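**Q** First the structure, which I've put down as structure tokens, then a few questions once you've had a look.
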Amino acid sequence: MSNGTSYEVLARKYRPQSFSELTGQEHVSRTLQNAIDSGRVAHAFLFTGARGVGKTSTARILAKTLNCERGVTHEPCNVCPQCIEITKGTSTDVFEIDGASNNGVEDVRELRDSIKYLPSHSRYKIIIIDEVHMLSTNAFNALLKTLEEPPEHVKFIFATTEPHKLPITILSRCQRFDFKRVPVAKIILRLREIAGKEQVVISDSALALIARKGDGSMRDSLTAFDQVLAFCDSSVSDEDVVTLIGAVDPRLLADISAAVFKGDTQAVLAGIKRVDSVGYNMRQFCQDLIEHFRYLLVIRSVKKPEEILDLADAELEELRQQAAGFSAQDIQRRLTLLIKADGEMAFASFQRLILEMALLKAAILVPVIPINELIEKIKLLETGAVHTPSLPWNAARPAVSGEGASVRPEPQRGAGQPVTAAEQGAVAPLPKAQPHGSHSDWERFVAFAVEKRPAIGSVLEHGSPLKLEPGLMEIGFPSGSYYLTSAQDADSVKDIQALALEFSGSATTVKIRPITPETGDSPLSLAEKKKSDLDLRMQTLKQEVAAHPVINEALRLFGGTITDIRES
């Protein structure tokens, strides 16, 4: 700087110097203070937690509390020589050791030898080992005995981000304190306090962005704040914060989510274009969207989302407004699509396309009827509670005449009147088939042939009985068909004659003739008769379904259409 003094970063300048200044770790402060007040101070402590949550700061505060010249108290005075030396890191009785660079067994042996001597001018010798999980196995073994039975004038304080890497023999000899991630709301309060001391003008939304960038770490949040102040000086705008710390603008998340719920595909793709233009990583943006939709889902799913979500009051209120009008199910369906897209983006080179496809699909999702509403409507249908003016619920099915064709009068409809579901399902009855002769004897003979000679019987099912007389059987098959060729085979004719002899008891001449079924001059074959009967039965069934009052009311309630009808 111009005055020649070195600049001190905010993380060091505003480092907590007492338990009361420790943000977000009240459970640790209260326990340690109670232990000090009651004289139950352990000889070894283990502080665990994520980076930047106050482990080393707490270790220094505890060291000052134990060695303060004003006596062992639950808060250090921070003005006596002992407190000042510990704060500056120059105390000869408080050793701060980096476990990553002093992790050998020789380092621990030197430490073990030095702690035998009394402190030079303090109450305790305090050993603070940061990142203690980096010590080697031999170093841990060399420390075990001393750690279990240290001299009365020695206190150990270990700090680590990975306690699972410590041997159980070390863990069992320490009082463990787990440091929590600092809530966003508390980080914002601390940043607001620092902004006031630094005389910086900044909005709460900008502070929220910085706090969220820290991801629960007070030190990371202060580092990001430092970066913003270095660029903006005394006046900070929201746009500057978004640009400098690389965070996603919450307004962009809100705009895209609103476009998704409105089904505005144009706005959805325009939002993705904005994301790409500012250089955001597409997968990171997808994850931010997932988190945004998670906030909306929690807000719509619980009565007190503030107890679940780590959000500032202003952010929570804004999200409440965004979530209003949407059900939890609507949000969850779209959240599922984004989660699936995130998994696909991990292995794809065209990440923007995958995100666009997921958001477009989310925007055009068809609304679903809640299952409880469907069940309620079905109950109404079953109990007859829904009034159908056209037909009573106990109306009989339409009468069937002749060959089973339903007789239904043509409904009178005015100009422009829409066609009803029942009228859409109605089909004109098939013309009645006019048989050329009785099928009874022929059906019995074919059934006999199927039982005795299945191959011949399956061919005869496709033949038309042109003439059935004692001693003569004339059978017609479609011209050019496989069945005609098969039946005209000499062996087949002999087999049919043998079957006729066995069936009737008399010799029978069999003649095979080609016919043209389309002309209608020949009777139906059994296969054609079966198909005709099936078509007629399905025709009748369709007419009954189309006229049934319960089915019509169900179509009206659920807005459905009949796509298929099957006999049970």
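Where a number appears in this text, it was derived from the coordinates with a stated rule and is not lab data. All values derive from a computational prediction rather than experimental measurement. Counting neighbours? That spans all protein chains shown, and the Cβs are built from the backbone with ideal geometry, glycine included.
**Q** Once fully extended, how much extra length lies between residue 42 and residue 348, figured as 0.36 nm per residue of separation less the alpha-carbon to alpha-carbon distance?
**A** Separation in residues times 0.36 nm, less the Cα-Cα distance, equals 104.8 nm.
**Q** Among the complete DSSP H segments of the chain, which ones combine at least 27 Å of alpha-carbon extent along their axis with a mean Kyte-Doolittle hydropathy of 0.0 or more?
**A** On the way: long enough: 282-301 (28 Å, 0.09); 526-547 (31 Å, -0.72).
Sorted by number, the helices that extend far enough and score high enough are 282-301.
**Q** Can you compute the modelled spin-label distance between residue 74 and residue 149, with each label point 7 Å from Cα toward Cβ, in nm?
**A** Placing both labels 7 Å along Cα→Cβ, they lie 3.5 nm apart.
**Q** A further question follows. Rounded to whole Å and ordered largest first, report the semi-axes of the equivalent ellipsoid of the range 184-245 derived from its Cα gyration tensor (root of 5λ). Can you show the working numbers first?
**A** Numbers: eigenvalues 46, 32, 20 Å².
In descending order, the three semi-axes are 15, 13, 10 Å.
**Q** Give me the dipole magnitude in Debye, nearest 20, for the range 264-363 about the Cα centre, with unit charges on the beta carbon: positive for Lys and Arg, negative for Asp and Glu.
**A** Dipole about the Cα centre, nearest 20: 420 debye.
**Q** Could you pull the Cα extents of the range 264-363 along its three principal axes, largest to smallest, in whole Å?
**A** 41, 26, 26
**Q** What are the lysines whose alpha-carbon lies under 27 Å from the alpha-carbon of residue 88, with same-chain residues fewer than 8 places away excluded?
**A** 13, 55, 64, 116, 125, 155, 180, 186, 197
**Q** Give me the orientation-averaged projected area of the Cα convex hull of the range 440-523, in nm², one decimal.
**A** Projected over every direction and averaged, the Cα hull of the range 440-523 covers 4.9 nm².
**Q** Using only the alpha-carbon atoms, what does the range 10-178 span along each of its principal axes? Please give whole angstrom values in decreasing order.
**A** 40, 34, 32 Å, listed from the longest principal axis down.
**Q** Calculate, in whole percent, how much of the Cα-Cα pair population of the chain lies beyond 35 Å. Please report the intermediate quantities before stating the final value.
**A** On the way: 106306 of 161028 pairs.
Percent of Cα pairs beyond 35 Å in the chain: 66.
**Q** Which one of 532, 32, 547 is farthest out on the positive end of the charge dipole of the chain, using unit charges on Cβ (Lys, Arg +1; Asp, Glu -1) and the Cα centre as origin?
**A** 32
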